[in-house]
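Trainee: Attaching a single structure in structure tokens format; questions to follow.
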Amino acid sequence: MTNITDLKRKFMEIFHDEQVRFFYSPGRVNLLGEHTDYNGGYVLPVALNVGTTVCISKREDSKICLTATDLAERVCAGIENLDAYRKIKWGNYQLGVAYELLKAGYKVGGCNMLFDDTVPHGAGLSSSAAIECATGIALIKVFNPEKDVDRVELALLAQRAENQFVGVNCGIMDQFASVMGKKNNAIFLNCKTLDYQYVPLNLGDYVLVITNTNKKRSLADSKYNERRSECEKGLEILKKELPDITCLGDVTVEMYESVKGIIDDPIIEKRVRHVIYEDDRVLKAIDILNRNDLAEFGKLMIASHESLRDLYEVTGKELDTLFEEALKVDGVLGSRMTGAGFGGCTVSIVHKSAVEEFKALVGKNYTEKTGLVPDFYVMETDDGSREIS
Ligand code: GLA
């Protein structure tokens, strides 16, 4: 995270105000349970030690003025007129959160906000959720001091800002992980009920290495929506035999195996099979992590990637190459794509003594095979949204 003294100086240079408070929300990486959240299934993300810091002070008028440390321009929006800012190039995520807070009955007043991000953009590590959740906690705490922050509600508000104000379809995982993260723990979340549980992640001599394909994700949004509608079709078909289900997350492997013949369309069948078995892997992972059996957990990660590659078809050459090359390195327990896919990152569990070799070998072979140069981030887990001083 950027040094707070430097940020404060920068804030004063821009807004000439000393009455500043600081809030922070992290990015995330999902360890298991991909493309399950919008199916009411299970996910297992961790919050990372990169995120968004926002400096905020109140204004006398009713404008929300936003800028960022890596941005020359400033956006100033009237609170009565937020609707007009849905499609702006930068600032709509923040204004969307303000809009959703107002709709939910929170107070929001004029303020200056300076954003500083350390989550790599466009990498699938939820830089958007970090911005939304940092904005949300800042506006709630500054303008509603009498209220306790309801953290699950904050995550839902942030998701609504992204879905309805900005217009990006996403599940609840990213915002939930950003708000609820806990150092040295993964969050086991039931995305249907929003019941959750922390699961200890004791990496010992291992670290999480995140590898960025650095591939531009041009088709990601349309393919994401296509997968969602394929799952909806699958659900409708399964309901004929299983009338009580309301989402694919309700379907266990046993239930699915007894009725799967009714899905004729081989594409729909593959999509559904991925979701059902991926949910099952997450359930298995809870015991495995509680026993601290990282080797067994690594095997689930590998099976997850293979399913995302062969059944859900959201990987592509770059992610598959990173996955294959990672598994060739001694000291790697598991590796998989993480996030929506079609580019973005893989996450691998790597022995500390093998990290340099991992970077060298995976980097060299990836570039040879794809012509792209990857980035490697050795990251730690962290806590969720909070005020910092
Ligand atoms: C993106 C979305 C999440 C989730 C993942 C896939 O990151 O924002 O809600 O659907 O893809 O697991």
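Trainee: Just to be sure I understand, how many residues within segment 40-69 are over 19 Å from the mean Cα position of the chain (by Cα) and either of a type in the set (Phe, Trp, Tyr) or modelled with pLDDT under 95 (or both)?
Mentor: Filtering segment 40-69 for residues over 19 Å from the mean Cα position of the chain (by Cα) gives 55-69.
Going one step further and asking which of them are either of a type in the set (Phe, Trp, Tyr) or modelled with pLDDT under 95 (or both), we end up with none.
Going through segment 40-69 one residue at a time, the tally reaches 0.
Trainee: In segment 97-111, what residues are under 13 Å from Leu154 (Cα atoms), open to solvent by less than 50 Å² (accessible area, probe 1.4 Å) and outside any loop (DSSP other than H, G, I, E, B)?
Mentor: Val97, Ala98, Glu100, Leu101
Trainee: Identify, from the list Asn185, Asn214, the residue that is buried (at least 18 other Cβ atoms within 10 Å of the Cβ) and at positive phi. Spell out the reasoning first.
Mentor: On the way: Asn185 fails: at positive phi.
It is Asn214.
Trainee: Now for a different question. Give the residues of segment 20-33 that are of a type outside the set (Gly, Ala, Ser), within 15 Å of the ligand (Cβ to nearest atom) and assigned to a strand (DSSP E or B), sorted by residue number.
Mentor: Within segment 20-33, the subset of a type outside the set (Gly, Ala, Ser) is 20-24, 26, 28-32.
Still in the running and within 15 Å of the ligand (Cβ to nearest atom): 26, 28-32.
Pro26, Arg28, Val29, Asn30 - these are the residues of segment 20-33 that are of a type outside the set (Gly, Ala, Ser), within 15 Å of the ligand (Cβ to nearest atom) and assigned to a strand (DSSP E or B).
Trainee: A further question on this structure: Provide a single number: the residues in segment 57-83 that are farther than 17 Å from Ala161 by Cβ and crowded, with 21+ Cβ neighbours inside 10 Å.
Mentor: So the answer is 1.
Trainee: Could you please find all residues in segment 25-39 being of a type in the set (A, V, I, L, M) and either within 30 Å of Leu114 (Cβ to Cβ) or more than 11 Å from the chain's Cα centre (by Cα) (or both)? Can you show your working first?
Mentor: Applying the first criterion (of a type in the set (A, V, I, L, M)) to segment 25-39 yields 29, 31-32.
Answer for segment 25-39, where residues must be of a type in the set (A, V, I, L, M) and either within 30 Å of Leu114 (Cβ to Cβ) or more than 11 Å from the chain's Cα centre (by Cα) (or both): Val29, Leu32.
Trainee: Applying the selection to segment 10-52, what residues are β-branched (Val, Ile, Thr) and within 21 Å of Arg386 (Cβ to Cβ)? Reasoning before the result, please.
Mentor: The initial filter retains those residues of segment 10-52 that are β-branched (Val, Ile, Thr), namely 14, 20, 29, 36, 43, 46, 50, 52.
Within segment 10-52, Val20, Val29, Val46, Val50, Thr52 meet the criteria.
Trainee: I've got another one for you. Residues being hydrophobic (A, V, I, L, M, F, W, C) and free of Cβ contacts under 8 Å to residues at least 24 places away in the same chain: count how many of those fall in segment 332-389.
Mentor: Going residue by residue through segment 332-389, those that are hydrophobic (A, V, I, L, M, F, W, C) are 332-333, 337, 340, 342, 345, 347, 349-350, 354-355, 358, 360-362, 372-373, 376, 378-379, 388.
From what is left, the residues that are free of Cβ contacts under 8 Å to residues at least 24 places away in the same chain are 360.
Residues meeting the conditions: 1.
Trainee: Only one of these is part of a helix (DSSP H, G or I), farther than 21 Å from Asn225 by Cβ, polar (S, T, N, Q) and open to solvent by 70 Å² or more (accessible area, probe 1.4 Å): Ser258, Ser304. Name it. Walk me through it before giving the result.
Mentor: Working: Ser304 fails: open to solvent by 70 Å² or more (accessible area, probe 1.4 Å).
Result: Ser258 is the single residue among Ser258, Ser304 that is part of a helix (DSSP H, G or I), farther than 21 Å from Asn225 by Cβ, polar (S, T, N, Q) and open to solvent by 70 Å² or more (accessible area, probe 1.4 Å).
Trainee: Kindly indicate whether Arg217 is within 20 Å of Thr338 (Cα to Cα) and at pLDDT 95 or above. Break it down into steps so the answer makes sense when it comes.
Mentor: Values: within 20 Å of Thr338 (Cα to Cα): yes; at pLDDT 95 or above: no.
No: the conditions fail for Arg217.
Trainee: Considering each of Asp150, Asp117 in turn, give the residue that is open to solvent by 20 Å² or more (accessible area, probe 1.4 Å), closer than 23 Å to Val46 by Cβ and touching a residue at least 40 places away in the same chain (Cβ under 8 Å). Quick ask: steps written out before the conclusion?
Mentor: On the way: Asp150 fails: touching a residue at least 40 places away in the same chain (Cβ under 8 Å).
So the residue among Asp150, Asp117 that is open to solvent by 20 Å² or more (accessible area, probe 1.4 Å), closer than 23 Å to Val46 by Cβ and touching a residue at least 40 places away in the same chain (Cβ under 8 Å) is Asp117.
Trainee: Would you confirm whether or not segment 308-317 contains a residue that is free of Cβ contacts under 8 Å to residues at least 40 places away in the same chain, closer than 21 Å to Asn214 by Cα and either open to solvent by 10 Å² or more (accessible area, probe 1.4 Å) or β-branched (Val, Ile, Thr) (or both)?
Mentor: So far as segment 308-317 goes, yes, one or more of its residues are free of Cβ contacts under 8 Å to residues at least 40 places away in the same chain, closer than 21 Å to Asn214 by Cα and either open to solvent by 10 Å² or more (accessible area, probe 1.4 Å) or β-branched (Val, Ile, Thr) (or both).
Trainee: Has segment 34-46 got any residue that is within 16 Å of the ligand (Cβ to nearest atom), part of a strand (DSSP E or B) and out of contact with any helix residue (DSSP H, G or I) (no Cβ under 6 Å at 6 or more places or on another chain)? Show your work before the answer.
Mentor: Quick first cut of segment 34-46, residues within 16 Å of the ligand (Cβ to nearest atom) only: 34-46.
Adding the requirement that they be part of a strand (DSSP E or B) leaves 42-43, 45-46.
Within this subset, residues satisfying the condition of being out of contact with any helix residue (DSSP H, G or I) (no Cβ under 6 Å at 6 or more places or on another chain) are 46.
For segment 34-46, residues within 16 Å of the ligand (Cβ to nearest atom), part of a strand (DSSP E or B) and out of contact with any helix residue (DSSP H, G or I) (no Cβ under 6 Å at 6 or more places or on another chain): present.
Trainee: Which one of Asn225, Asn292 is touching a residue at least 40 places away in the same chain (Cβ under 8 Å), loosely packed, with under 15 Cβ neighbours inside 10 Å and part of a helix (DSSP H, G or I)? Break it down stepwise before answering.
Mentor: Numbers: Asn292 fails: part of a helix (DSSP H, G or I).
So the residue among Asn225, Asn292 that is touching a residue at least 40 places away in the same chain (Cβ under 8 Å), loosely packed, with under 15 Cβ neighbours inside 10 Å and part of a helix (DSSP H, G or I) is Asn225.
Trainee: In addition: Restricting attention to segment 326-362, report how many residues are assigned to a helix (DSSP H, G or I) and open to solvent by less than 10 Å² (accessible area, probe 1.4 Å).
Mentor: From segment 326-362, those assigned to a helix (DSSP H, G or I) are 326-327, 352-362; that's our starting set.
After this cut, where a residue has to be open to solvent by less than 10 Å² (accessible area, probe 1.4 Å) as well, the list is 326, 354, 358, 362.
Of the residues in that region, 4 qualify.
Trainee: Here is a check on your reading of the model: is Ile137 hydrophobic (A, V, I, L, M, F, W, C) and crowded, with 21+ Cβ neighbours inside 10 Å? Show your work before the answer.
Mentor: Details: hydrophobic (A, V, I, L, M, F, W, C): yes; crowded, with 21+ Cβ neighbours inside 10 Å: yes.
Yes.
Trainee: For segment 159-211, how many residues are within 14 Å of the ligand (Cβ to nearest atom), touching a residue at least 12 places away in the same chain (Cβ under 8 Å) and assigned to a helix (DSSP H, G or I)?
Mentor: The qualifying residues number 12.
Trainee: Test of understanding: among Tyr85, Tyr93, which residue is in contact with a helix residue (DSSP H, G or I) (Cβ under 7 Å, 6 or more places away or on another chain) and without any contact (Cβ under 8 Å) to a residue 12 or more places away in the chain?
Mentor: On the way: Tyr93 fails: without any contact (Cβ under 8 Å) to a residue 12 or more places away in the chain.
None of the others qualify; the one that does is Tyr85.
Trainee: What tally of residues in segment 363-389 results from selecting those that are of a type in the set (A, V, I, L, M), assigned to a strand (DSSP E or B) and loosely packed, with under 15 Cβ neighbours inside 10 Å? Full working, then the answer.
Mentor: To start, the set of residues in segment 363-389 that are of a type in the set (A, V, I, L, M) comprises 372-373, 378-379, 388.
Applying the additional criterion that residues be assigned to a strand (DSSP E or B) yields 378-379, 388.
Next cut, loosely packed, with under 15 Cβ neighbours inside 10 Å only: 378, 388.
Looking only at that region, the number is 2.
Trainee: Please determine whether any residue of segment 70-84 is in a helix (DSSP H, G or I), small (Gly, Ala, Ser), assigned by TED's automatic domain parsing to the domain that holds Ala130 and within 16 Å of the ligand (Cβ to nearest atom).
Mentor: The answer is no; no qualifying residue exists.
Trainee: Can I ask one more? When you scan segment 337-359, do you find a residue that is under 20 Å from the mean Cα position of the chain (by Cα) and of a type in the set (Lys, Arg), even just one?
Mentor: no
The values are calculated or read from the model by the stated rules, or taken from the named source; none is laboratory data. As the structure is a prediction and not an experimental result, all values here were calculated from the model. A quick note on method: Cβ atoms are made from the backbone with ideal geometry, for glycine too, and the neighbour counts reach across all protein chains shown. SASA here: full protein model, heavy atoms, side chains in, ligands and nucleic acids out. Shrake-Rupley method; radii C 1.70, N 1.55, O 1.52, S 1.80 Å.
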